[in-house]
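Let me begin by presenting the structure, written as C-alpha cells, before commenting on it.
The values are calculated or read from the model by the stated rules, or taken from the named source; none is laboratory data. Predicted, not measured: the structure shown is a model, and the values here were computed from it. Don't worry about glycine lacking a Cβ; one is built from the backbone with ideal geometry, like all the others, and counts go over all protein chains shown.
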Amino acid sequence: MKHLWTALALAGTLAGCAGMGVYPAGPSATARLEPTKGNTTSGIVEFHQRGGAVQVTATVTGLAPNQEHGFHLHEKGDCSSGDGMSAGGHWNPDNQPHGPQTAAHHAGDMPSLKADGSGNAKATFTLPNLTVADGMRSVVGRGLIVHKDPDDFRTQPTGNAGARLACAVVRPA
C-alpha cells in the first residue's frame, strides 16, 4: 500500500508540473568551451531536455567586455584544428537559411551571448524541436562555437560572426 501512495504522489507531482509548463528532468548534455589558439574564452554550457525542446544554460568568460558574440552549434564535434574550423559549418539538418530564432533558421543558430563589463556572459534560452536524446535532431556530438563578433542574423550562411574564440563538443552528461 505504501508503494501505491508513493506512486500516486509522484503522478500528482508530475501532472502538476506539466500543468505549469515545467517538465520532469530528461536527458542532459554538457559542453566545456576551451579557447582556440591565441584566445582566452572558456565556459560551461548545459543542455537539458524539456519536453520537445532543449533548454540551454551558458556561463562564458574571456569575452570582449560589453560586446555581443555569435554562438552556434556546428556540424562536427571536432575541436582539433586549434582555430575551431574543424567543427565545420553551422548545424543545418533542415537546409534552412541562417537567421534569428523568430524566423526560419539553422538548427544550430542560437541567440548571441552578451558580455558584461568584465567580459562574462550568462544566458538561458530554449531551442525548440531539438533533443538531447539520440537522433537526427540531437545536439549531442555537435560542435559548439563562440565567435568574436555579433551575429547579424542575415549574412548567409554564417551571420558574419567572425573568428572562432572557443570550441567544445556537446557530450552526454
Query - Search result, residues across the stretch 54-80 that are touching a Leu at 6+ places or on another chain (Cβ under 6 Å) and either modelled with pLDDT under 95 or more than 18 Å from Thr30 (Cβ to Cβ) (or both) - result: His69
Query raised in the report: Filter the stretch 132-173 for residues that are of a type in the set (Ser, Thr, Tyr) and closer than 18 Å to Ala104 by Cα; which is modelled with the lowest pLDDT?
Result: Thr158
Requested in this report: Starting from residues that are of a type in the set (D, E, K, R) and under 18 Å from Asp151 (Cβ atoms), keep the ones in the stretch 86-121 and report whichever is surrounded by the most Cβ atoms within 10 Å (Cβ to Cβ).
Outcome: Asp109
Query - Count of residues meeting criterion [buried (at least 17 other Cβ atoms within 10 Å of the Cβ), under 17 Å from Thr102 (Cβ atoms) and out of contact with any Gly (no Cβ under 6 Å at 6 or more places or on another chain)] in the stretch 138-172 - result: 1
Query - Test for Gly135: is it touching a residue at least 24 places away in the same chain (Cβ under 8 Å) and either among the small types (Gly, Ala, Ser) or crowded, with 23+ Cβ neighbours inside 10 Å (or both) - result: no
**Report entry** Among residues of the stretch 85-128, those that are under 13 Å from the mean Cα position of the chain (by Cα) and among the polar types (S, T, N, Q), counted
**Finding:** 4
